[in-house]
1. Considering each residue of segment 167-225, count those that are closer than 26 Å to residue 130 by Cα and either touching a strand residue (DSSP E or B) at 6+ places or on another chain (Cβ under 7 Å) or without any contact (Cβ under 8 Å) to a residue 24 or more places away in the chain (or both), and give that number.
2. Quick check on residue 17: is it outside any helix (DSSP H, G or I), assigned by TED's automatic domain parsing to the domain that holds residue 142 and surrounded by fewer than 17 Cβ atoms within 10 Å (Cβ to Cβ)?
3. If you go through segment 48-68 one residue at a time, do you hit one that is touching a residue at least 24 places away in the same chain (Cβ under 8 Å), surrounded by fewer than 16 Cβ atoms within 10 Å (Cβ to Cβ) and under 30 Å from residue 198 (Cβ atoms)?
4. Restricted to segment 96-146, and to residues that are among the β-branched types (Val, Ile, Thr) and in a loop (DSSP other than H, G, I, E, B), which residue is surrounded by the fewest Cβ atoms within 10 Å (Cβ to Cβ)?
5. Let me confirm something: among 301, 228, which residue is buried (at least 17 other Cβ atoms within 10 Å of the Cβ) and in contact with a helix residue (DSSP H, G or I) (Cβ under 7 Å, 6 or more places away or on another chain)?
6. Would a scan of segment 315-324 turn up a residue that is surrounded by 14 or more Cβ atoms within 10 Å (Cβ to Cβ), touching a residue at least 24 places away in the same chain (Cβ under 8 Å) and not in a helix (DSSP H, G or I)?
7. With respect to residue 367, determine if the residue is part of a helix (DSSP H, G or I), in the same structural domain as residue 240 (by TED's automatic domain parsing), surrounded by fewer than 19 Cβ atoms within 10 Å (Cβ to Cβ) and in contact with a Gly (Cβ under 9 Å, 6 or more places away or on another chain).
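The values are calculated or read from the model by the stated rules, or taken from the named source; none is laboratory data. From a predicted model like this one, the values you see are computed outputs, not experimental measurements. Here the Cβ positions follow ideal geometry from the backbone for every residue, glycine too, while neighbour counts run over all protein chains shown.
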Amino acid sequence: MLFNSLTFVVFFVLVLGAYWTLRSWEVRKNLLLAASYVFYAAWNPPFALLLFATTALDYHLGARIAAAGGTGSRRAWLAASLVSNLSMLGFFKYGNFLLENTKWLLAQAGIAYEPPHLDLFLPIGISFYTFQSLSYSLDVYRGAMAPSRSLRDFALAVSFFPQLVAGPIVRANDFLPQIEQAPRWDASRFTWGLLLMTLGLFEKTVLADVMLSGAAEKVFGYPGPLAGLDAWTGVLAFSGQIFFDFAGYSTCAIGTALCFGFHLRDNFRFPYAAVGFSDFWRRWHISLSTFLRDYLYIPLGGNRAGVVRAAVNLMVVMFIGGLWHGAAWTFVAWGVIHGAFLVLERVLRAVCGDAAWTRTLGVQVLLGLATYAAVCLTWVFFRASDFPTAARLVQAMTGLLHGGDAILPTREILQVAVVTAGLLGAHWLLRHTTLEAVVARAPRALLAGTWSLMLCAILLTQGNAHAFIYFQF
């Protein structure tokens with residue numbers, strides 16, 4: 001069920017109306033849980049059983065971790081949670097990838113091996129809900145929260161439909177306290193939720209799908225060499241497309257949750273105004289970056305064990321972050337390149353220190369543009385179907401390839417340029433503030449007019465309900 005579909009609109013209205021009509025909080029929670037499983041089962045009903053199995057297992061193991069007397073027992077129960085969650089994720093998402101790479105390794109040793117092809121259908125959102133469920137076991141083990149006494153409440157925390165299939169990754173210790181008592185109706189919060197849903201759908205349907213996706217698909221799908229301008233245009237189009245698509249989903253999820261009285265944390269904070277890669281990851285896919293920081297980077301030692309160990313930890317984390325996105329070496333390369341940029345940034349900061357000249361506006365803007373250009377180069381590996389395609393694009397973008405083909409019409413190049421300029425300008429204007437603060441200061445007439453224009457644009461562009469990019473992860 002897509003946010004940008006009539007089916008979801010009907011589903012949302014019916015569930016929302018029943019939710020605020022019912023008086024009993026227990027009944028309302030039952031309604032949300034049932035609605036969340038209906039929402040998920042709309043794609044493939046059998047996988048709703050897999051979602052429940054994951055939830056029930058971690059609920060049981062969380063109670064075992066909390067009840068265990070010794071450190072060894074607690075670690076053993078935590079290991080059971082880790083193994084069960086990661087093995088399930090590995091089987092469905094990486095099964096064929098591991099078999100193909102095993103075949104290649106054996107071939108290098110002269111051993112002929114033809115693995116069976118696992119005809120697997122990837123459960124939608126498995127990477128997201130697996131991390132959400134796993135964070136519960138980890139937090140109980142760390143003593144950050146007490147185990148839930150209600151399987152129903154924990155199941156709702158894992159499966160809450162606004163963020164179930166594409167994030168943000170919501171941790172149980174953020175959501176469970178919110179459902180201890182019934183949220184009160186708040187008209188301003190409800191209105192803000194509807195506005196966020198409109199903004200998210202506008203980002204997805206108008207900006208990502210209509211304005212940018214065409215150029216990105218043409219460039220990344222072209223089999224031959226490309227002119228530098230066309231290569232850059234396609235990559236800039238994808239950089240905007242993936243932001244508007246993914247941030248649009250997160251914004252819809254946050255807005256939908258607000259309409260039901262729940263608060264989900266921001267997942268994006270104007271990332272294309274980042275100065276440096278560490279700043280980028282404080283602004284991009286925040287729920288994943290903080291998950292990897294809290295549950296992987298810090299337990300590995302973080303930056304407490306020396307410069308070299310910190311660099312190794314960063315590379316390990318970004319390797320995992322790249323692999324999390326998909327079973328392909330191009331995703332791994334994307335993560336490793338980000339890790340290398342993070343390490344390089346730390347080295348440069350150690351050399352330059354906190355010199356006053358680095359904080360001037362001109363230098364900050366130049367560093368921000370350099371960061372954005374480097375991020376765009378990394379997007380090549382994220383989007384490209386294979387390394388030869390990525391290599392051709394990088395060569396064209398860096399001027400190493402001459403005489404490539406010009407495949408994009410001038411109108412499309414200008415369209416991508418205008419949207420990209422608007423995106424970067426908006427991010428730089430808002431990098432030190434929040435959308436809430438901007439809306440609070442905006443005149444009511446301007447706000448109403450902008451909202452109306454977004455609604456009209458959404459209605460005019462309906463008919464091609466494209467799935468969100470991060471559904472495949």
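1. 2
2. So residue 17 does not fit the description; no.
3. So far as segment 48-68 goes, no, none of its residues is touching a residue at least 24 places away in the same chain (Cβ under 8 Å), surrounded by fewer than 16 Cβ atoms within 10 Å (Cβ to Cβ) and under 30 Å from residue 198 (Cβ atoms).
4. First, the residues of segment 96-146 that are among the β-branched types (Val, Ile, Thr): 102, 111, 124, 126, 130, 140.
Still in the list and also in a loop (DSSP other than H, G, I, E, B): 111, 124.
Working: 111: 9, 124: 21.
Residue satisfying both the conditions and the ranking: 111.
5. 228
6. no
7. So residue 367 fits the description; yes.
Residue-wise test of (1) modelled with pLDDT under 95; (2) outside the structural domain of residue 393 (by TED's automatic domain parsing); (3) of a type outside the set (A, V, I, L, M).
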| position | (1), (2), (3) |
| --- | --- |
| 116 | yes, yes, yes |
| 131 | yes, yes, yes |
| 134 | yes, yes, no |
| 144 | yes, yes, no |
| 149 | yes, yes, yes |
| 154 | no, yes, yes |
| 223 | yes, no, yes |
